[in-house]
Amino acid sequence: PTMAHSKALLVLENFIGGKFVPCSSYIDSYNPSTGDVYCRVPDSGKEEVEAAVKAAKDAFPVWSSKSPLERSQILNKLADLIEHDLEAFAQAESKDQGKTITFARTVDIPRAVHNFRFFASSILHHVTECTEMPTLGCVHYTSRAPVGVAGLISPWNLPLYLLTWKIAPAIACGNTVVAKPSEMTSVTAWMMCKLMENAGVPPGVVNVVFGTGAKAGEALVCHPDVPLISFTGSTPTAQRIAENSAPHCKRLSLELGGKNPAIIFDDADLSQCIPTTVRSSFANQGEICLCTSRIFVQRGIYTEFLKRFVAEAKKWKTGDPSDPTIDVGALISKEHLEKVRNYVKKAQAEGARVLCGEGVDPLALPPGNQKGYFMLPTVIAEVKDESCCMQEEIFGPVTCVVAFDTEEEVIKRANGVKYGLAATVWSGNVGRVHRVAHRLQSGLVWTNCWLVRELNLPFGGMKASGIGREGAKDSYEFFTEVKTITIKH
């Protein structure tokens, strides 16, 4: 690029010890809706992580000794500042990630604000346990203390939303943090760092180091002074994190992929079920770990469901994410788009039918978006359960629809993947809803709805979908160390 060109690019800097610090080398970050480089992100490694961990360690004694109320007030102030700049954050998230401006405005940024407010409040309401042994003249009680420096690694699909969901409970509990957002979506994290001082967050409490998983992420996971790692991302990366942190006996919270089933019985209310299942398949371009990618429909309504579902999916408009009327934005990267497209090709090669979307319908894009990473919502039918399209996480706007006959059969098939994050069940029969929900191997089951979230409750998956849970009580337990104290009187 010419000098003039590089001047126009946004250049991010690491945030260490309350200051922005330039980096010796940088990586390009692309605008997924145009295919152009629009930002340069620090390519941090051991040295930068070392500096950030030191800053976090130095800040820990003072921050951890503040009262929950003092920390709560600071978190609330940070929430207010993000909310005040909601539009700027939403624009940046949409441009950086490719998601629609509507989704960023209504989901991502409001949820980031809510994360801080929620944990600012929940930290004030935790109580510890106490039990008496009168016959021995003893009383036992527990106390909880922050652990130290938490390493937080967040993904590219919901950048600020998932990063703040880690930062908020970590610092609310009195830990200090070193966070590493995805190198593909670092802008909103950098914007948040600019608000830290004004919110009253002391230097070193929140440090953000930008870079790749292989360099910056690895350095963070391997650092002996980081006892906690909270990671959201892919299962293969999590395996590497587990291996690297094992010698240090680190505490891990891993929120990984999903291959989430929707089970639609013949007594489902299709007027509710179809629009919701289209949304659960294609929201955020299908780039949400909770998205539905396997739809099991009872045979009696299969043909009708398919016809109505495809008609509804075709109404979703794909195009420039900054256009508020658009439903589907750009996928995160050229490589990711290629990967998602390959799944559709494999399904076709196996004899499945692609009913709409990729390779079937024309994709018309505005002139400025011709080089962007776009794909239409794609529905595939008649896929075999053992196909990679039914077994592996595609993480794009692709969903597979298959028929089933009995409740017993569908439970077995729904459970027949390595993942177990979320599931949805559609039926008007209360008994059946409970029965099926109990038998699905899934950390979350929604019945007759999707993505209705309550932050008080445990969030997380079974099997290859992760280790641990997040939520008011669960995050508090993860980010604190418990001690049992016995007093004989």
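The values are calculated or read from the model by the stated rules, or taken from the named source; none is laboratory data. Because the structure is predicted, anything quoted here is derived from the model rather than measured. Don't worry about glycine lacking a Cβ; one is built from the backbone with ideal geometry, like all the others, and counts go over all protein chains shown. For accessibility, only protein heavy atoms count, side chains too; no ligands or nucleic acids. Shrake-Rupley method; radii C 1.70, N 1.55, O 1.52, S 1.80 Å.
Ignoring ligands, DNA and RNA, what percent of the 1.4 Å accessible area of the chain is carbon and sulfur? Roughly 56 percent, rounded to a whole number.
In loop segments of the stretch 143-236 as defined by DSSP, the trypsin sites (Lys or Arg not before Pro) with at most 16 further C-beta atoms inside 10 Å of their C-beta are Lys194. Would you calculate the separation in nanometres between label points at Leu9 and Lys473, each defined as 7 Å from the Cα along the Cα-to-beta-carbon direction? My value for the distance between the label points is 4.9 nm. Calculated accessible area for the chain comes out at 41 Å² per residue, all protein chains present (probe 1.4 Å; ligands, DNA, RNA ignored).
What FRET efficiency do you get for Lys346 and Met133 if R0 is 41 Å and r is their Cβ-Cβ distance, rounded to the nearest 0.05? Walk me through the numbers before you get to the answer.
On the way: r = 63 Å, r/R0 = 1.54.
Once rounded, the FRET efficiency stands at 0.05.
Place a point 7 Å from the Cα of Lys307 along the Cα-to-Cβ direction; which residues of the stretch 369-394 have their backbone N under 19 Å from it? Residues 379-382 fall inside that zone. Ratio of Rg to Rh for the chain: 0.99 [Cα atoms; Kirkwood radius as inverse mean 1/r over pairs].
Look at the alpha carbon pairs under 8 Å that are at least 6 residues apart: their mean separation over the length of the chain gives a relative contact order of 19 percent.
As an exercise, identify the GluC sites (Glu not before Pro) in the stretch 360-448 lying in DSSP coil whose Cβ has no more than 12 other Cβ atoms within 10 Å.
Values: sites: Glu382, Glu386, Glu392, Glu393, Glu407, Glu408, Glu409; in loops: Glu382, Glu386, Glu392, Glu393.
Qualifying residues, ordered by number: Glu386.
Using the Cβ-Cβ distance between Lys371 and Gln272 with R0 = 45 Å, the FRET efficiency computed as 1/(1 + (r/R0)^6) comes to roughly 0.70.
Take the Cβ atoms of Leu363 and Ile487, set R0 to 51 Å, and the FRET efficiency comes out at 0.15.
Exactly which trypsin sites (Lys or Arg not before Pro) in the stretch 425-489 are in a DSSP loop and have at most 15 other Cβ atoms within 10 Å? Write out the running numbers ahead of the final one.
Working: sites: Arg432, Arg435, Arg439, Arg453, Lys463, Arg469, Lys473, Lys483, Lys488; in loops: Arg453, Arg469.
Passing both the DSSP loop test and the Cβ count: Arg453.
Once both labels are positioned 7 Å from their Cα atoms along Cα-to-Cβ, the gap between Asn76 and Thr106 label points is 3.0 nm.
How much of the DSSP beta bridge set in the stretch 261-447 is antiparallel, as a percent to the nearest 5? All intermediate terms of the calculation are to be shown ahead of the outcome.
On the way: 3 of 24 bridges.
Given both bridge residues lie in the stretch 261-447, the antiparallel proportion sits at roughly 10 percent.
Residues within the reach of a label modelled at Gln391 (point 7 angstrom out along Cα to beta-carbon, backbone nitrogen below 19 Å), restricted to the stretch 232-247, are 235-237.
Of all beta bridges DSSP finds with both residues in the chain, what is the antiparallel percent, to the nearest 5?
Details: 31 of 72 bridges.
Of those bridges, close to 45 percent are antiparallel.
With a threshold of 21 Å on the Cα-Cα distance, the over-threshold entries among Lys317/Lys371; Lys315/Lys384; Lys215/Lys463; Lys259/Lys339; Lys166/Lys194; Lys19/Lys46 are Lys315/Lys384; Lys215/Lys463.
Every pair of different Cα atoms in the stretch 274-381 enters the Kirkwood calculation, which places the hydrodynamic radius at 14.6 Å.
Give me the number: length gained by fully extending Arg435 to Ser234, i.e. 0.36 nm times residue separation minus the C-alpha to C-alpha distance, one decimal in nm.
On the way: separation 201, 0.36 × 201 = 72.36 nm, distance 3.04 nm.
Going from the current span to full extension adds 69.3 nm.
For the stretch 261-447, a Kirkwood radius taken over Cα pairs fed into Stokes-Einstein (10 °C, viscosity 1.306 mPa s) yields D = 95 µm²/s.
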